[in-house]
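Below: one structure, written as structure tokens.
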Amino acid sequence: MLSIVIPIYNQDVRKLVDTLMKQCQKLDINFQILCFDDCSEPKYRKLNKELAFRINVNYTEMAENLGRSRIRNWLGKAAYFDNILFLDGDTVIKNRNFIKTYVDYLPTEHILCGGRNYSLKPPRSKKKLLHWRYGSKRESLPSKKRNKDPYINFHSNNFIIPEKLFKDHLFDENVKGYGYEDLLYAFDLKKSGVNIVHIDNPTLHDGLEVNTMFIKKTKNAIENLAMLYKQKKIPHTRLIKSYEKLKEWDMLKAFQWYYARVSDNIDANLLSDNPSVFKFNLWKLHLFIENMY
């Protein structure tokens with residue numbers, strides 16, 4: 001029936017696993033939960049080790065860090081039920097019928113994407129506001145909006161894929177570090193004619209990063225995006241469209257000249273207690289243009 005796979009990296013996933021177990025048991029379905037730890041710090045491995053003693057749970061620690069794409073491929077290959085539910089380790093399940101909502105759609109020939117929400121309340125730490133504001137604005141979307149461009153709006157944190165389909169469509173392991181491996185996966189699916197259907201079955205994202213770490217990871221993501229765009233593997237995103245418009249209007253140098261004049265203000269704002277999503281987007285565009293030279 002259902003294999004639930006969770007990559008772990010420096011997260012305590014015990015509560016998540018217990019919630020999923022209870023929902024599956026309530027439905028009386030055949031299920032397994034695979035938790036692969038990708039070389040987390042010892043304190044997290046110590047906490048999660050107890051999962052090995054849960055019924056229907058397979059907890060495994062990797063001997064080396066595989067990275068975001070490889071760990072998902074290993075999990076998917078190890079799954080043995082007809083449908084695979086991918087969830088991130090920093091996921092919180094708020095919906096008591098989360099598993100039932102997915103099961104009601106099964107069997108399926110498509111990929112089902114449940115979505116991602118952020119807390120309605122801002123984080124207590126203002127150092128995490130940038131991630132929260134950006135995620136709330138760009139990622140917390142109802143299915144109606146996500147289905148307008150289902151591939152651009154695909155995220156690998158919460159989706160179901162038929163097991164047979166996954167074995168023909170693995171994540172590209174050439175993408176290193178953080179960022180855009182899920183979008184590359186979505187466009188590969190599009191090329192193969194695989195449909196992505198978005199539904200309203202979101203999880204809550206509980207892994208907010210402090211501003212400095214979020215900026216660092218985003219920088220890595222922009223570098224990945226520029227590389228994939230040059231290789232013609234990702235044809236468009238909002239960021240790419242902005243870049244192409246500036247290029248079409250011959251305004252790339254003008255934008256970079258403007259950015260140089262305001263860069264100190266933007267850098268200070270992004271690390272402040274009141275970061276601007278607009279200025280964050282300007283910073284991303286500037287960084288993308290730099291990586292295109």
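The values are calculated or read from the model by the stated rules, or taken from the named source; none is laboratory data. Everything numeric here is computed off the predicted structure, so don't read it as measured data. Cβ atoms come from the backbone with ideal geometry, glycine included; neighbour counts cover every protein chain shown. We work out accessible area using only protein heavy atoms, side chains counted, and drop any ligands, DNA or RNA first. Shrake-Rupley method; radii C 1.70, N 1.55, O 1.52, S 1.80 Å.
Data for the structure
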| quantity | calculated |
| --- | --- |
| Residue list for region 272-293, filter: open to solvent by less than 40 Å² (accessible area, probe 1.4 Å) and hydroxyl-bearing (Ser, Thr, Tyr) | Ser272, Ser276 |
| Of all residues in region 120-151 being touching a helix residue (DSSP H, G or I) at 6+ places or on another chain (Cβ under 7 Å) and under 24 Å from Ile71 (Cβ atoms), the one that is surrounded by the most Cβ atoms within 10 Å (Cβ to Cβ) | His131 |
| Positions within region 44-61 being surrounded by 15 or more Cβ atoms within 10 Å (Cβ to Cβ) and modelled with pLDDT under 95, in sequence order | Arg54 |
| Set Arg14, Arg68: member being more than 19 Å from Leu165 (Cβ to Cβ), open to solvent by 30 Å² or more (accessible area, probe 1.4 Å) and either touching a His at 6+ places or on another chain (Cβ under 7 Å) or modelled with pLDDT under 95 (or both) | Arg68 |
| Pick from region 205-215, criterion of a type outside the set (Phe, Trp, Tyr) and part of a helix (DSSP H, G or I), ranking: most open to solvent (accessible area, probe 1.4 Å) | Thr212 |
| Residue that is farthest from Ile215 (Cα to Cα), among those in region 247-271 that are open to solvent by 30 Å² or more (accessible area, probe 1.4 Å) and among the aromatic types (Phe, Trp, Tyr) | Trp249 |
| Breaking point among (1) touching a Lys or Arg at 6+ places or on another chain (Cβ under 7 Å); (2) modelled with pLDDT of 95 or more; (3) of a type in the set (Asp, Glu), for Glu248 | (1) |
| 3 or more residues at negative phi, among the hydrophobic types (A, V, I, L, M, F, W, C) and touching a residue at least 24 places away in the same chain (Cβ under 8 Å): qualifying helices (runs of 4 or more DSSP H) within region 41-108 | 68-78, 98-103 |
| Test: residue in region 117-125 that is of a type outside the set (S, T, N, Q), assigned to a loop (DSSP other than H, G, I, E, B) and closer than 18 Å to His198 by Cβ | yes |
